[in-house]
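Peer 1: Here you go, one structure.
Read-outs throughout are calculated quantities, based only on the coordinates presented, and are distinct from any laboratory measurement. Worth saying up front: this structure is predicted, and the values here are computed from it rather than measured. Backbone-built Cβ (ideal geometry, glycine too); neighbour counts: all protein chains shown.
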Amino acid sequence: MTYEARSREQMAVLRGKETVRILALETSCDETAAAVVENGRKIRSNVVFSQIDLHALYGGVVPEIASRAHMEACARVTGEALREAGETLDSIDALAVTQGPGLVGALLTGVNYMKGLAFAAGKPLIPVQHIEGHISANFLAAPELVPPFLCLVVSGGHSHLAEVSDYGEYRLLGRTVDDAAGEAFDKAARVLGLPYPGGPRMDVLAEEGNPEAFELPKPKAPGPYDTSFSGLKTAFLNLVNRLTLRGEELPKADLAASFRAAVCRELTEKAERLIRDRARCGSPGLRMAMAGGVSANRELRRQMAALCAREGVEFFVPPPALCTDNGAMIGSAAYFSLLRREAAPLSLNAEPSLPLF
Ligand code: KG4
Ligand code: ZN
């Protein structure tokens, strides 16, 4: 029997199994992360090896360095995830891996590693779309959360307002027309001379500053739920250049706080519009979740929580460690994929632009 035929049989059995344990690997960018997740909801282990130190010297992720570091870390990190969960490759039901989107070399390292492991162990391999993984982190954090719900997806490469209509079913309602929210934070951080990774550092610095110290323009975007950040970024760059030319010491905390407030305002205003439009259409029991690295942002969490409280909408956001890249979110998404889709053939390839919608 071929690997694929056996996989199909195993998947059919797993769909009726009470407890399904998945070993998942995430290598789409600069984190080599592995986890063991039970039934898409329970984290048995979650190991994240961050490559930050390797890339910090260059001020950003260097793709070749990332691929090599993933290659060196895959075996160690997956082994650690199994050990921490008290499992072995034998006791695991299926494997999962991020197929895309992301850096092609980084993705390929993970996909090839897991294909080898799946073939050797004779277990099905479930491919996962990275953003679907981020959204699924909410299922780990809130076991009671079930679709449908709205979700603000904000990461380094994506800014979407989406509807999760069912497990594995997404509808795009709004998106950024230029930069992603995380990208905007990273670029602004660079303007302030903060080291990589900029987003979290901007967030920490902003906590000490006055968000009303500087006024930044209100972005314009075509669709009602679309966002835009490139104008904000340019205005911020011009502001910092003007202050620098005056020879004054930069009030970095105030600058960071003002920029963060402007980005969060843009995101929450669009979320507010969506919530109000839905409420007007008579949608009862609205729920709003957040996903992606930028949902670790303190101010965005506060603003979204306040918005949802004001509008009477139930609000969900994973703890910060599950917002940024991790293996557990991939293991969760893989479980819900297992229930409805087939496993990957051995010809599975990394897809750097794999879409969700
Ligand atoms: O979701 P993620 O870990 O990777 C991608 O799929 O892109 O998101 C990374 C992005 C980076 O741009 C990073 O600067 C940003 O999320 N980020 C933050 C914070 N933590 C991570 N941005 C603002 N505030 C944070 N606390
Ligand atoms: Zn991510």
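Peer 1: Measure off 7 Å from each Cα along the Cα-to-Cβ vector at D90 and F357, then give the distance between these two points in nanometres to one decimal.
Peer 2: Taking the two extended label points, one gets 4.8 nm.
Peer 1: May I ask you to order 29-39, 91-101 by the average number of other C-beta atoms within 10 Å around their residues, highest value first?
Peer 2: Values: 29-39: 26.0, 91-101: 24.2.
Going from most to least packed, we get 29-39, 91-101.
Peer 1: For the chain, return all DSSP H helices satisfying: extent of Cα atoms along own axis at least 15 Å; mean Kyte-Doolittle hydropathy at least 0.0. Write down the numbers at each step before the final one.
Peer 2: Values: long enough: 3-14 (16 Å, -0.68); 63-85 (31 Å, -0.28); 104-121 (25 Å, 1.17); 130-141 (17 Å, 0.38); 181-191 (16 Å, -0.15); 230-245 (22 Å, 0.61); 252-280 (41 Å, -0.54); 298-311 (20 Å, -0.79); 328-340 (19 Å, 1.11).
Membrane-span-like by this criterion, though nothing is claimed about a membrane: 104-121, 130-141, 230-245, 328-340.
Peer 1: Then there is this: Which log10 I(q)/I(0) values, to two decimals, does the chain give at q = 0.15 Å⁻¹ under the Debye formula with one point per Cα?
Peer 2: For the requested q values the scattering log ratios are -1.24.
Peer 1: Kindly rank 104-116, 206-218, 225-237 from highest to lowest mean number of other beta carbons found within 10 Å of each residue. Before the final figure, lay out each step's value.
Peer 2: Numbers: 104-116: 22.1, 206-218: 15.1, 225-237: 20.1.
Going from most to least packed, we get 104-116, 225-237, 206-218.
Peer 1: Now a separate question. Can you quote the Å³ per residue value for the convex hull of the Cα atoms in the stretch 155-258, rounded to an integer?
Peer 2: Working: hull volume 11.8 nm³, N = 104.
Hull volume normalised by residue count: 113 Å³.
Peer 1: Calculate, for R8 and V177, the FRET efficiency according to 1/(1 + (r/R0)^6) with r their C-beta to C-beta distance and R0 35 Å; round to the nearest 0.05.
Peer 2: Details: r = 42 Å, r/R0 = 1.19.
Calculated transfer efficiency: 0.25.
Peer 1: While we're on this one: For the stretch 237-357, place one equal point scatterer on every Cα, skip the solvent, and apply the Debye formula. What is log10 of I(q)/I(0) at q = 0.10 Å⁻¹?
Peer 2: Cα-only, vacuum Debye calculation for the stretch 237-357: -0.53.
Peer 1: Pulled fully out, how much extra length does the chain show between E144 and V204, if you take 0.36 nm times their separation in residues and subtract their Cα-Cα distance? Write down the numbers at each step before the final one.
Peer 2: On the way: separation 60, 0.36 × 60 = 21.60 nm, distance 3.13 nm.
Length gained between E144 and V204: 18.5 nm.
Peer 1: Hand me the tally of lysine pairs in the stretch 154-288: alpha carbons under 16 angstrom apart, and the pair either on different chains or 8 or more positions apart. Show your work: numbers first, answer last.
Peer 2: On the way: K187/K233; K187/K252; K218/K233; K218/K270; K220/K233; K220/K270; K233/K252.
For the stretch 154-288, qualifying lysine pairs total 7.
Peer 1: If you average the alpha carbon positions of the stretch 200-245 and of the stretch 257-333, how far apart do those two centres end up, in angstrom?
Peer 2: Their Cα centres are 19 Å away from one another.
Peer 1: Follow-up. I'd like the distance separating the alpha-carbon centroids of the stretch 83-139 and the stretch 2-33, in whole Å.
Peer 2: The stretch 83-139 and the stretch 2-33 have Cα centres spaced 7 Å from each other.
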